Structure formats: structure tokens, C-alpha cells
Amino acid sequence: MGLISFIPFDKYQRAYLDAFYRLHSAPQRRIDATYRYIEAIEDGFEDISAGISTEPPRKYYEDHVSNHKKVDEKPYSKPLYIRDKNNPRILHPYRGR
């Protein structure tokens with residue numbers, strides 16, 4: 001029982017991983033938002049009569065949680081077929097064992 005109490009369950013919780021990915025991806029999110037802001041200025045969607053801001057407006061940032069969930073949605077999370085252990089040329093349908 002004592003060994004089970006040392007397992008860091010809170011480290012692997014969803015909230016912890018979301019915060020970790022948000023902090024880890026902050027620089028790239030800012031670069032992407034800056035590119036979107038520049039494209040909006042070039043296309044004439046953004047008013048620059050008062051000048052151009054060095055920080056892109058909040059509307060050009062994407063939600064980090066939605067990006068993380070898009071990455072987790074894989075079309076093939078389980079294999080469709082598995083190889084035979086004696087002959088690797090033979091494929092068997094995966095039954096979820």
C-alpha cells in the first residue's frame with residue numbers, strides 16, 4: 001500500500017497536462033497570433049489609423065484547449081490489424097485484446 005501512495009496521480013491529471021501544454025506552447029501561440037494579425041492588416045480587416053500594436057489583439061489567439069483536443073483525436077487510435085506472432089506476413093483483425 002505504501003508504494004501505491006508514492007505514485008504521482010496528480011501529475012497525470014487532465015488539468016495538469018492542459019496547463020503544461022498551455023505553458024509549453026505559449027511562444028508558438030504568440031507567433032501564430034502575430035502572423036494572423038499581420039495577415040489581417042495586409043487584407044485590410046484591421047484598422048491601423050492609430051498605429052500598429054506590437055502585441056496582437058486577443059481575438060487572433062486560438063484556444064489552446066481546442067488545439068490540444070484536435071491533436072488527441074486520432075482516426076486510428078487502435079490498430080485495425082495485428083501481425084501473426086509466428087509469421088509476420090499474416091495479418092489478423094484486431095479484436096481489442
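The values are calculated or read from the model by the stated rules, or taken from the named source; none is laboratory data. Bear in mind that the values here come from a model prediction, so they are computed numbers and not experimental data. Neighbour counts are summed over all protein chains in view; Cβ atoms, including those assigned to glycine, are modelled from backbone coordinates with ideal geometry. Ligands, DNA and RNA are excluded from the accessible area calculation, which covers all protein heavy atoms including side chains. Shrake-Rupley method; radii C 1.70, N 1.55, O 1.52, S 1.80 Å.
A single member of ARG36, ARG22, ARG14 is basic (Lys, Arg), over 17 Å from GLU62 (Cβ atoms) and either open to solvent by 60 Å² or more (accessible area, probe 1.4 Å) or touching a residue at least 40 places away in the same chain (Cβ under 8 Å) (or both), and it is ARG14.
The residue pairs whose first member lies in the stretch 40-59 and is surrounded by 10 or more Cβ atoms within 10 Å (Cβ to Cβ), whose second member is among the polar types (S, T, N, Q) and at pLDDT 90 or above, and whose beta carbons are closer than 7 Å, counting only pairs six or more residues apart or on different chains, are PRO56/THR34.
Listed by position, the helices (runs of 4 or more DSSP H) inside the stretch 1-86 whose residues that are at pLDDT below 75 number at least 1 are 64-72.
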